[in-house]
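**Student:** Handing you this structure, nothing more for now.
The values are calculated or read from the model by the stated rules, or taken from the named source; none is laboratory data. Note that this is a predicted model, so its numbers are computed, not measured. All Cβ positions, glycine included, derive from the backbone under ideal geometry; neighbour counts span all protein chains shown.
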Amino acid sequence: MPVVPLPSFVQAASLSAVDVHSVHAVLLAEDGRLLLQRRDDKPGIVLRDHWAFFAGAMEAGEAAEQTLRRELAEELRLGGDIEPVWLTESVCVLPRERNRVAHRVWFVVPLSDARLAALDQREGAGRGLFTIAEMAALPKVAPWDVAAAMLLTRREVLFGDGGCLPLSCPVL
């Protein structure tokens with residue numbers, strides 16, 4: 001799949017004030033459902049006991065796609081032959097004292113039913129497949145992941161031309 005270039009204003013933006021850089025995997029099943037991880041319910045974990053996309057922090061000198069591949073290998077034993085597609089990025093200031101400025105990058109990773117069945121989860125309290133409506137209705141879900149999922153599943157409505165994603169997946 002072709003790489004979608006980042007807009008120039010994103011490339012030029014200074015991220016020097018960012019406290020945390022993270023990458024999130026929108027794992028897309030053949031039927032259009034999204035694979036979420038139930039985060040562990042342990043002190044110190046952001047959004048503990050919430051549903052979220054599989055994600056991880058970028059290490060120093062690591063590119064976003066490298067982080068994605070490393071995290072999916074660590075958390076799900078998902079191999080390197082995946083074809084991630086950049087979806088969106090955000091920088092936001094959170095109402096907390098530490099790690100306030102968060103930069104997040106989302107990639108869509110289409111997975112066959114066979115690949116989904118073969119996943120070996122190594123982190124988190126569980127996983128599940130959800131439609132966007134089911135995801136949004138969960139009582140404990142990462143709100144930024146819901147927003148990214150809506151950008152993906154509602155791209156025709158939001159952008160008119162389906163956006164710039166070379167994907168075939170359900171559009172709501």
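**Student:** Say we look at region 51-79 and pick out the residues that are of a type in the set (D, E, K, R), over 14 Å from the mean Cα position of the chain (by Cα) and modelled with pLDDT of 95 or more; which of these is nearest to Ala102 (Cα to Cα)?
**Tutor:** Initial filter on region 51-79 (of a type in the set (D, E, K, R)): 59, 62, 65, 69-71, 74-75, 77.
From the residues that got through so far, the ones that are over 14 Å from the mean Cα position of the chain (by Cα) too are 59, 62, 74, 77.
Still in the running and modelled with pLDDT of 95 or more: 74, 77.
On the way: Glu74: 22, Arg77: 26 Å.
Of everything passing the filter in region 51-79, Glu74 is nearest to Ala102 (Cα to Cα).
**Student:** So, one more: Test of understanding: among Val20, Val46, Val26, which residue is at pLDDT 95 or above, within 26 Å of Arg96 (Cβ to Cβ), of a type in the set (A, V, I, L, M) and out of contact with any Ser or Thr (no Cβ under 6 Å at 6 or more places or on another chain)?
**Tutor:** Working: Val20 fails: at pLDDT 95 or above; Val46 fails: at pLDDT 95 or above.
Testing whether each residue is at pLDDT 95 or above, within 26 Å of Arg96 (Cβ to Cβ), of a type in the set (A, V, I, L, M) and out of contact with any Ser or Thr (no Cβ under 6 Å at 6 or more places or on another chain) leaves just Val26.
**Student:** Of the conditions (1) under 26 Å from Ala137 (Cα atoms); (2) surrounded by 15 or more Cβ atoms within 10 Å (Cβ to Cβ), Ile45 clears all except one; give me its number.
**Tutor:** (2) is the only condition that Ile45 fails.
**Student:** Given the conditions (1) surrounded by 14 or more Cβ atoms within 10 Å (Cβ to Cβ); (2) at pLDDT 95 or above, and given that Arg154 satisfies all but one, which numbered condition is not satisfied?
**Tutor:** The single condition Arg154 does not satisfy is (2).
**Student:** So how many residues does region 60-105 have that are closer than 26 Å to Gln121 by Cα and either surrounded by 14 or more Cβ atoms within 10 Å (Cβ to Cβ) or without any contact (Cβ under 8 Å) to a residue 12 or more places away in the chain (or both)?
**Tutor:** Start the filter on region 60-105 by keeping residues that are closer than 26 Å to Gln121 by Cα, which leaves 60, 62-89, 102-105.
The next check asks that each one be either surrounded by 14 or more Cβ atoms within 10 Å (Cβ to Cβ) or without any contact (Cβ under 8 Å) to a residue 12 or more places away in the chain (or both); those that pass are 60, 62-73, 75-76, 78-82, 84-89, 102-105.
Here the count works out to 30.
**Student:** Then there is this: Which one is surrounded by the most Cβ atoms within 10 Å (Cβ to Cβ), of the residues in region 33-42 that are in contact (Cβ under 8 Å) with a residue 60 or more places away in the chain and over 15 Å from the mean Cα position of the chain (by Cα)? Spell out how you get there, then give the answer.
**Tutor:** Step one: of region 33-42, the residues in contact (Cβ under 8 Å) with a residue 60 or more places away in the chain are 33-41.
Keeping just the survivors that are over 15 Å from the mean Cα position of the chain (by Cα) gives 40-41.
Details: Asp40: 14, Asp41: 11.
Only one residue tops the list, namely Asp40.
Conditions (1) modelled with pLDDT under 95; (2) closer than 14 Å to His24 by Cα; (3) among the small types (Gly, Ala, Ser), marked per residue:
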site: Asp81; (1), (2), (3): yes, no, no
site: Pro84; (1), (2), (3): yes, yes, no
site: Thr88; (1), (2), (3): yes, yes, no
site: Ala102; (1), (2), (3): yes, yes, yes
site: Pro110; (1), (2), (3): yes, yes, no
site: Arg115; (1), (2), (3): yes, no, no
site: Arg122; (1), (2), (3): no, no, no
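**Student:** Then there's this: So Val108 clears everything in (1) part of a loop (DSSP other than H, G, I, E, B); (2) surrounded by 17 or more Cβ atoms within 10 Å (Cβ to Cβ) except one condition, right? Which one?
**Tutor:** (1)
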